[in-house]
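Below: the structure, in structure tokens.
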Amino acid sequence: MIDKVKRLGKETLIYGTSTIVARLFNFFLVPVYTYYLATSQYGVIATVFAFMALFNIVYQYGMDQAYLRFAQDHKDKNVFSTPFNAVLMTSVALSLIIYALSPYIAAALGIGRENAYLIKYCCFILALDALNIIPFAKLRFEHRAWHFVIIRTVSIMVNVAGNLLALVYFKTGVDGIFMAGIAASLASLILLLPVIKEDFKLAFDTKLFKAMFAFSWPFIPAGMASIMVNVIDKPLLSHLAGLSEVGIYQANFKIGVFMMLAVSMFDQAWRPFFIQASAKPDCKELFAEIFTYFAAAASWLFLGLSLLIPTIIQTKFLGFNLIHENYWSGLNIIPLVLAGYLFYGFYINFMVAPVLTKKTKVLMFITLAGAAASVITNIILVPVIGIVGAGWAIFVSYVVMALALFIFLQRNYPINYHYKKLSLMACAALLVLMGNLFAGQMPPIHALILRIIMLCIYPVLALLIILKVKTRKELSAKR
């Protein structure tokens with residue numbers, strides 16, 4: 001069993017290389033945006049990016065997940081060509097529709113019809129990104145992790161370089177950001193052409209597509225609802241608080257990228273791993289063990305970021321802050337965003353149930369519940385406490401999703417998680433958070449020392465809990 005855990009850990013680190021590079025490079029664009037764009041301009045970008053994130057789901061409609069699921073049982077080239085050709089045809093059709101409706105979409109998003117041209121840029125980015133998903137899924141399924149990483153990294157570098165040239169050198173403003181996005185997506189597709197050529201043919205297996213679509217279509221409403229949890233706050237904030245507040249919120253929201261990238265690293269390797277591991281008789285105990293290690297590592301990262309990030313942001317490096325002072329009014333949303341992503345990591349672990357039982361339709365209802373929780377919380381709290389209300393909405397929505405999927409899992413694919421260990425780690429984490437409240441009353445340097453000490457002690461406690469506390473199964477085996 002430990003070998004399987006090590007293999008998952010190895011692939012998580014490899015996939016994580018590209019994810020870390022992507023998130024970090026994109027994160028390093030945040031200070032550039034805050035120094036070269038007005039808060040209202042950043043608000044426009046955040047709102048349009050929210051639109052793109054939502055429609056990425058529509059363009060891709062779960063075909064990458066369907067490929068991963070069906071490639072296990074179908075070895076012919078149709079299992080690649082059918083979803084790839086389907087995505088190609090639907091991407092062209094969707095882009096034509098969005099291009100024609102761009103003025104109305106811009107008005108609905110609250111960015112004004114004068115920015116409709118940005119929606120037209122989105123058509124190209126969305127279509128190119130959709131064509132990348134099946135080749136990338138193929139690399140993941142075949143465990144060609146480094147090939148995956150290299151292509152992703154090149155695309156990221158093109159995007160970042162394009163952003164820097166556009167904003168810093170050519171002073172193009174918002175336009176250049178979207179041009180860089182088109183260039184990056186196109187670069188990725190060009191590099192994936194050899195991968196596409198391996199299995200591509202001009203064929204479309206209608207029967208296979210129907211089976212794949214029956215599996216994948218629940219990912220559309222489920223994925224949209226899941227993305228809405230992250231992005232619905234931007235258009236809501238633009239209407240409730242104005243584009244400047246959206247810009248401030250987005251700059252601080254981006255700090256959560258460090259938590260999100262850890263979850264994304266895990267997710268890239270986790271889904272193909274648990275599908276293939278599910279054939280083993282001891283797979284449920286393996287899944288429980290992995291969840292315990294994940295909870296320990298993710299909670300430590302959450303604590304570290306929550307305790308240290310505000311100090312880091314307000315400290316100058318080479319005469320500059322991580323984000324411009326104009327955006328500091330949103331610092332208090334960061335722990336809420338991080339906590340939300342922690343629960344999203346739990347949600348990803350519980351994904352074994354709907355995928356392995358092929359009851360993926362439940363994801364639609366669970367994520368719709370999360371999206372509804374986000375919308376309701378935003379509407380109630382934003383008028384009262386401003387962008388902090390949007391931070392609470394992120395946290396509440398992910399808690400709702402994780403709890404709902406956990407209940408489904410225990411009813412349909414029960415796993416006996418290591419509840420005693422998890423409870424003790426949760427108590428240790430709460431003690432650290434309480435200590436942080438105490439540190440807030442101390443002089444800054446003393447507070448920093450105390451936070452670092454607590455962050456050094458926590459992983460030691462977590463490791464002792466994992467190694468020394470016995471689960472019910474281990475106690476039964478002793479008897």
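Distance from the alpha carbon centroid of segment 104-134 to that of segment 314-356 works out to 25 angstrom.
By the rule of a C-alpha distance below 18 Å, with chain neighbours fewer than 8 residues away ignored, the aspartates and glutamates paired with residue 468 are 285, 289. Heavy atoms of the protein chains alone define the surface here; on that basis the chain has 43 Å² accessible area per residue at 1.4 Å probe size. With 21 Å as the limit, write out which pairs from 210/284; 77/138; 138/359 have Cα-Cα distances beyond it, or answer none. Table pairs above 21 Å Cα-Cα are 210/284; 138/359. Overall shape: oblate for segment 226-323, with the ratio a/c of the largest to smallest alpha carbon gyration tensor axis at 1.5 or above and b/c at least equal to a/b.
As a rough guide to protection, the peptides 139-149, 203-213 ranked by mean Cβ packing within 10 Å, highest first, stand as 139-149, 203-213. When a/c is below 1.5 the answer is rounded, else prolate if a/b is larger than b/c, else oblate, so apply that to segment 261-414 with a ≥ b ≥ c taken from the square roots of the Cα gyration tensor eigenvalues. Oblate, since a/c reaches 1.5 and b/c is not below a/b. Each Cα pair under 8 Å and six or more residues apart adds its sequence gap; the mean of these over the residue count of the chain is a relative contact order of 20 percent.
Tell me the mean residue ellipticity at 222 nm calculated for the chain from its helices only (DSSP H runs of n ≥ 4, each -39500 (n - 2.57), averaged over every residue, nearest 500).
Rounded to the nearest 500, the figure is -27500 deg cm²/dmol.
Give the carbon-plus-sulfur fraction of the accessible surface of segment 209-358 in %, rounded to a whole number; probe 1.4 Å, heavy atoms of protein chains only. Roughly 67 percent, rounded to a whole number.
The values are calculated or read from the model by the stated rules, or taken from the named source; none is laboratory data. Because the structure is a prediction, the values reported are computed rather than measured. Virtual Cβ from ideal backbone geometry, glycine too; neighbours counted across all protein chains shown. Accessible surface areas use protein heavy atoms only, side chains included; no ligands, DNA or RNA. Shrake-Rupley method; radii C 1.70, N 1.55, O 1.52, S 1.80 Å.
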